[in-house]
1. Go through (1) under 20 Å from ARG186 (Cα atoms); (2) touching a Gly at 6+ places or on another chain (Cβ under 9 Å); (3) surrounded by 15 or more Cβ atoms within 10 Å (Cβ to Cβ) for THR38 and report which single condition fails.
2. Looking at (1) touching a Lys or Arg at 6+ places or on another chain (Cβ under 9 Å); (2) in contact (Cβ under 8 Å) with a residue 40 or more places away in the chain, which one does MET77 not meet, given that it meets all the others?
3. Counting just the residues of region 71-129 that are hydroxyl-bearing (Ser, Thr, Tyr) and under 16 Å from the mean Cα position of the chain (by Cα), which one comes out nearest to ALA207 (Cα to Cα)?
4. Given the criteria at pLDDT below 55, among the basic types (Lys, Arg) and within 17 Å of the chain's Cα centre (by Cα), does ARG225 qualify?
5. Within region 51-63, restricting attention to residues that are of a type outside the set (Gly, Ala, Ser) and surrounded by 13 or more Cβ atoms within 10 Å (Cβ to Cβ), which residue is nearest to GLY171 (Cα to Cα)?
6. Among the residues of region 64-75, is there at least one that is part of a helix (DSSP H, G or I), charged (D, E, K, R) and surrounded by 14 or more Cβ atoms within 10 Å (Cβ to Cβ)?
7. Could you figure out which of (1) modelled with pLDDT of 95 or more; (2) over 19 Å from SER184 (Cα atoms); (3) out of contact with any Cys (no Cβ under 9 Å at 6 or more places or on another chain) isn't true of LEU87?
8. Quick check on my filter: what residues within region 124-146 are more than 17 Å from GLY44 (Cα to Cα), in contact (Cβ under 8 Å) with a residue 60 or more places away in the chain and out of contact with any Ser or Thr (no Cβ under 8 Å at 6 or more places or on another chain)?
Amino acid sequence: MAGGADTRPSRDPRAPRETWTLRRALRSVRLWAAFAMTALGVIGFQIMATHQVAHAVDRDVPRDTAVWLFAFAAGCMMAGNVLGGWLSDRVGRGWVFVLGTVVAILGILCFALMRGPQDRVLLLLYAVSGFGFGMRIAQLSTIPADVFAGPHLGAILGVVQAGGGLGGAIGPFLAGWLFDVTNSYRLAFLTACVAVAGSAVAAWFAARPMAGAPAPRPGEPRSAREEQAGGTRADGGG
């Protein structure tokens with residue numbers, strides 16, 4: 001109307017069309033991909049963390065050497081967390097998760113092939129592979145946070161991280177049972193490799209850019225992959 005103020009509400013083109021709620025997220029394939037990513041990743045990690053000392057001692061590695069070796073591996077994992085987080089902001093979460101997976105699996109295979117304390121190179125490579133595990137751990141929260149950012153992120157992350165509790169219960173028990181059956185840790189470590197690889201596949205599905213999800217709110221950061229894809233949006237999953 002001429003001379004009158006326009007009282008119609010303005011629409012911010014950057015405002016999200018729909019907000020992620022827990023109910024909506026539970027219908028999304030990407031939530032369950034993130035759940036599987038966490039569960040399988042923790043299964044593989046816990047198999048190694050729980051049984052690595054026993055395997056080293058069985059191979060006559062001196063206890064003092066094993067303690068220092070695994071302490072060094074923990075330090076590598078810490079550094080991998082920082083490196084993985086930094087890289088994922090630049091090249092994408094999925095790519096960093098896959099790279100960390102390759103490094104972790106190579107380390108597990110080196111440890112499984114170790115015959116005794118004379119295989120120092122294999123032991124050292126296993127310890128250094130902590131970088132790979134750390135790079136993966138850094139993505140376990142950032143991947144679902146990129147997808148499900150919003151006021152209900154805490155509840156959604158609770159569901160995703162519940163997969164870690166499930167994996168933490170399964171991994172050590174499964175490896176112990178496999179050792180009792182085969183009298184060797186090789187099958188258990190192979191299972192860890194399969195679980196770690198499976199978590200990478202799930203992470204790729206969870207992190208991939210797709211169209212159809214809420215756009216980010218004004219001022220909210222977008223993931224590196226979303227920026228590279230020109231702001232493509234995640235699927236609503238139903």
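1. (1)
2. With (1) touching a Lys or Arg at 6+ places or on another chain (Cβ under 9 Å); (2) in contact (Cβ under 8 Å) with a residue 40 or more places away in the chain applied to MET77, the lone miss is (1).
3. Restricting to residues being hydroxyl-bearing (Ser, Thr, Tyr) and under 16 Å from the mean Cα position of the chain (by Cα), the top hit is SER88.
4. Yes: the conditions hold for ARG225.
5. Out of the qualifying residues, it is HIS51.
6. no
7. Here LEU87 meets the rest and fails (1).
8. Correct list: ILE143, PRO144.
The values are calculated or read from the model by the stated rules, or taken from the named source; none is laboratory data. Predicted model only: the values in this text are computed from it and were never measured. Note: ideal-geometry Cβ built from the backbone for every residue, glycine included; neighbour counts use all protein chains shown.
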